[in-house]
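*Asks:* Sharing a structure, written as structure tokens. Questions coming.
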Amino acid sequence: MLRDLLRRVRTLAVRLRRAERRELREFRRWAETTDRLVHLSVLVFVPLLIGLVTLLSNAVPQLSFLLFPPLASGSYTLFVDPRGKYAEPGQFVAGLTIGAACGLGALWVSTALLTPPVGQFRVAAGAAVLATLATGLVTWPFDIEEPSAYSTALLALLVQPDQRWTFLGSIFLASAIVAVVFVVWRNRFYDRRATVLYESTTGDDHVLVPMRGDRADATAMLAARLAAAHEAGKVVLLDIVADTDAAEAERAMLNGGVEAAGVEAPADTSGALRERVDRLEGRAATIETRVGVPCQVVVATGEESAAATTLEAAAATNCDLVVAPYESRHGALTTYLRQLFRGETDVLVHRSRDGRTRWQRVLVPVRRASDVAHHMIDFAVRLSTHSGRVAVATCIGKRGDRRRAESMLADLAEPFEGPIETRVSETDIQSFLTGTSGEYDLVIIGASQDRSAASRFIAPPTFERLEDVEADVAIVDRNH
């Protein structure tokens, strides 16, 4: 009884840990996009920074509460657009400080020349005009325009005479604290989000290639170039053999010969097996020589479906990406490839046009910002190396929002190193690819697994409508 209870508790604990890891992975993917990351940072850092300044204000009574409104709006401006016009830390500190100084100067002039209105928190109209005018005149020529500078200038008009210098110093100190935190966040996290946050750039370095079809050699070379981007990269060439005896004989040949292993190959297949083994070993040697990445050959017995065997082999060889040659039937992907897409391992399906083994010019069409889009751009950068070029494009139609599309593409491309251009087209995706694919060696597109059945019925996935695309095509799907 106790043993059964303990077993159930362990089973429940395992399920809870698995669910926790799955939820954490889903949240991380959700937070990968730049827009969500920025807004999450605003929700975290702006309240914490204002709370820190509040603690200092409570500890040092001389610090004026009037500094909080401009500080909050200025902090939001910094974090919400980390590479924007107003996201320079020096400009932020100087703008707020100069705004406060201009406001205090306007207050001094108005006190000396004008009759201030009677009553607490009442300000002469002339003082308000002078404070905003002085702020604009001073910040403009020095190129330190800061929206929050105007609020500090106006709030300075409410400062009591004995607190003016304290207010100016507190504005400088508080804005400097915010600027330091912002610089650390931007340099250590935001600018490095591709390596710190994006799972795509740290994984997919162990690649399994099922050697199927006439263009499997080109696909294996593409897999090798993807794996070579990481120091721990490796390639596993998978041969699936239906007959168990033939599979054992092939493994023996790969390990030094059937005689040495004591395995007898079927008489009617020994010649074909030897030819198959020589081709696999030759391909592995070519990959290691030309790309410099370790390559091994694995033989699996296809007792189950070929897709299930492939996914099991990927798990057994610790591979986190399957790169499979393209297969189609009646214009659609074969059942084998569709089953791979439904697995738990990342998949890339490669359609080779002419056996190309280098891809220097890569086009990545995207529909929206997502972890899959990051995945595709990462692959493109890996393949193009430093001498190639990558283009990230989106199609908006005749009535699309070009500015929003350009901003989305800029956010996608910014975290990655290398020459990446962005393109916005007002045509549909099929016309765009047909017209521009000749300029590129490879087009990387998503598998559209997140689309509903109704959407797929009305408009088939893009990769099923690419017969006129002249370049190689890679279809990417994230599963794990």
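The values are calculated or read from the model by the stated rules, or taken from the named source; none is laboratory data. It should be emphasised that the depicted structure is a prediction, and the values quoted were computed from it without experimental measurement. Here the Cβ positions follow ideal geometry from the backbone for every residue, glycine too, while neighbour counts run over all protein chains shown.
*Asks:* Can you go through Glu250, Glu264 and tell me which one is assigned by TED's automatic domain parsing to the domain that holds Ala307 and modelled with pLDDT of 80 or more? Talk me through it step by step, then tell me what you get.
*Replies:* Working: Glu264 fails: modelled with pLDDT of 80 or more.
Of the residues listed, the single one that is assigned by TED's automatic domain parsing to the domain that holds Ala307 and modelled with pLDDT of 80 or more is Glu250.
*Asks:* Turning to a different aspect of this structure: One residue is enough: does the stretch 109-119 have a residue meeting the conditions assigned by TED's automatic domain parsing to the domain that holds Val53 and at pLDDT 80 or above?
*Replies:* yes
*Asks:* Quick one: would you say Thr195 is modelled with pLDDT under 85, hydroxyl-bearing (Ser, Thr, Tyr) and surrounded by 15 or more Cβ atoms within 10 Å (Cβ to Cβ)? Please lay out each step first, then the result.
*Replies:* Numbers: modelled with pLDDT under 85: yes; hydroxyl-bearing (Ser, Thr, Tyr): yes; surrounded by 15 or more Cβ atoms within 10 Å (Cβ to Cβ): no.
Judged against the criteria, Thr195 is not a match.
*Asks:* Just the residues that are of a type in the set (Val, Ile, Thr) and part of a strand (DSSP E or B), please, taken from the stretch 211-241.
*Replies:* Selection gives Val235, Val236, Ile240, Val241.
*Asks:* Find the residue count for the stretch 285-302, including only residues that are over 18 Å from Ile240 (Cβ atoms) and part of a loop (DSSP other than H, G, I, E, B).
*Replies:* Within the stretch 285-302, the subset over 18 Å from Ile240 (Cβ atoms) is 285-294.
Next cut, part of a loop (DSSP other than H, G, I, E, B) only: 291-294.
Qualifying residue count for the region: 4.
*Asks:* Here is a check on your reading of the model: is Asp204 modelled with pLDDT under 80, closer than 26 Å to Gly103 by Cα and either under 16 Å from the mean Cα position of the chain (by Cα) or assigned to a helix (DSSP H, G or I) (or both)? Working first, answer last.
*Replies:* On the way: modelled with pLDDT under 80: yes; closer than 26 Å to Gly103 by Cα: no; either under 16 Å from the mean Cα position of the chain (by Cα) or assigned to a helix (DSSP H, G or I) (or both): yes.
No.
*Asks:* Can you find, within the stretch 470-480, the residue that is modelled with the highest pLDDT among those that are assigned to a loop (DSSP other than H, G, I, E, B) and more than 20 Å from the chain's Cα centre (by Cα)?
*Replies:* Of everything passing the filter in the stretch 470-480, Ala471 is modelled with the highest pLDDT.
*Asks:* While we're here: Restricting the search to the stretch 438-469, which residues are at pLDDT 85 or above and among the charged types (D, E, K, R)?
*Replies:* Going through the stretch 438-469, the residues at pLDDT 85 or above turn out to be 438-446.
Passing the criteria: Glu439, Asp441.
*Asks:* Here is a follow-up. Cβ-Cβ below 7 Å, separation at least six or inter-chain, first residue in the stretch 50-67 and of a type in the set (Gly, Ala, Ser), second at pLDDT 70 or above: which pairs?
*Replies:* Matching pairs, first to second residue: Ser64/Val159; Ser64/Gln163; Ser64/Thr166; Ser64/Phe167; Ser64/Ser170.
*Asks:* For the stretch 77-107, which positions are exposed (fewer than 15 other Cβ atoms within 10 Å of the Cβ) and either touching a residue at least 12 places away in the same chain (Cβ under 8 Å) or of a type in the set (S, T, N, Q) (or both)?
*Replies:* Keep residues of the stretch 77-107 that are exposed (fewer than 15 other Cβ atoms within 10 Å of the Cβ), which gives 81, 83-85, 90.
Of everything in the stretch 77-107, those that are exposed (fewer than 15 other Cβ atoms within 10 Å of the Cβ) and either touching a residue at least 12 places away in the same chain (Cβ under 8 Å) or of a type in the set (S, T, N, Q) (or both) turn out to be Asp81, Arg83, Gly90.
*Asks:* Which pairs turn up if I take residues in the stretch 223-247 that are touching a residue at least 60 places away in the same chain (Cβ under 8 Å) and look for partners that are among the basic types (Lys, Arg) and assigned to a strand (DSSP E or B) with beta carbon separation below 9 Å, at least 6 apart in sequence or on another chain?
*Replies:* Ala227/Lys234
*Asks:* Show the residue pairs that are 6+ apart or on different chains and have beta-carbon atoms under 6 Å apart, the first residue being within the stretch 352-364 and at pLDDT 90 or above, the second being surrounded by fewer than 17 Cβ atoms within 10 Å (Cβ to Cβ).
*Replies:* Arg361/Arg389
*Asks:* Please specify each residue of the stretch 303-322 satisfying the condition of being hydroxyl-bearing (Ser, Thr, Tyr), assigned to a loop (DSSP other than H, G, I, E, B) and out of contact with any His (no Cβ under 8 Å at 6 or more places or on another chain). I'd like the intermediate steps shown before the answer.
*Replies:* Filtering the stretch 303-322 for residues hydroxyl-bearing (Ser, Thr, Tyr) gives 305, 309-310, 317.
Next, from what is left, pick out any that are assigned to a loop (DSSP other than H, G, I, E, B): 305, 317.
Across the stretch 303-322, the qualifying residue is only Ser305.
*Asks:* May I ask you to say which residue of Val44, Val53, Val93 is modelled with pLDDT under 85 and either closer than 30 Å to Asp371 by Cβ or of a type in the set (A, V, I, L, M) (or both)?
*Replies:* Answer to the selection: Val53.
*Asks:* In the stretch 135-148, what residues are under 18 Å from Pro69 (Cβ atoms) and either in a loop (DSSP other than H, G, I, E, B) or touching a residue at least 60 places away in the same chain (Cβ under 8 Å) (or both)?
*Replies:* Glu146, Pro147, Ser148
*Asks:* Within the stretch 307-326, can you find the residues that are aliphatic (A, V, I, L, M) and buried (at least 20 other Cβ atoms within 10 Å of the Cβ)?
*Replies:* Keep residues of the stretch 307-326 that are aliphatic (A, V, I, L, M), which gives 307-308, 311, 313-316, 321-324.
Within the stretch 307-326, Ala307, Leu311, Ala313, Ala314, Leu321, Val322, Val323, Ala324 qualify.
*Asks:* Where in the stretch 342-420 are there strands (runs of 3 or more DSSP E), lying fully within it, with 1 or more residues that are acidic (Asp, Glu) and buried (at least 21 other Cβ atoms within 10 Å of the Cβ)? Spell out how you get there, then give the answer.
*Replies:* Values: elements: 346-351, 361-365, 389-395.
Passing ranges, in order: 346-351.
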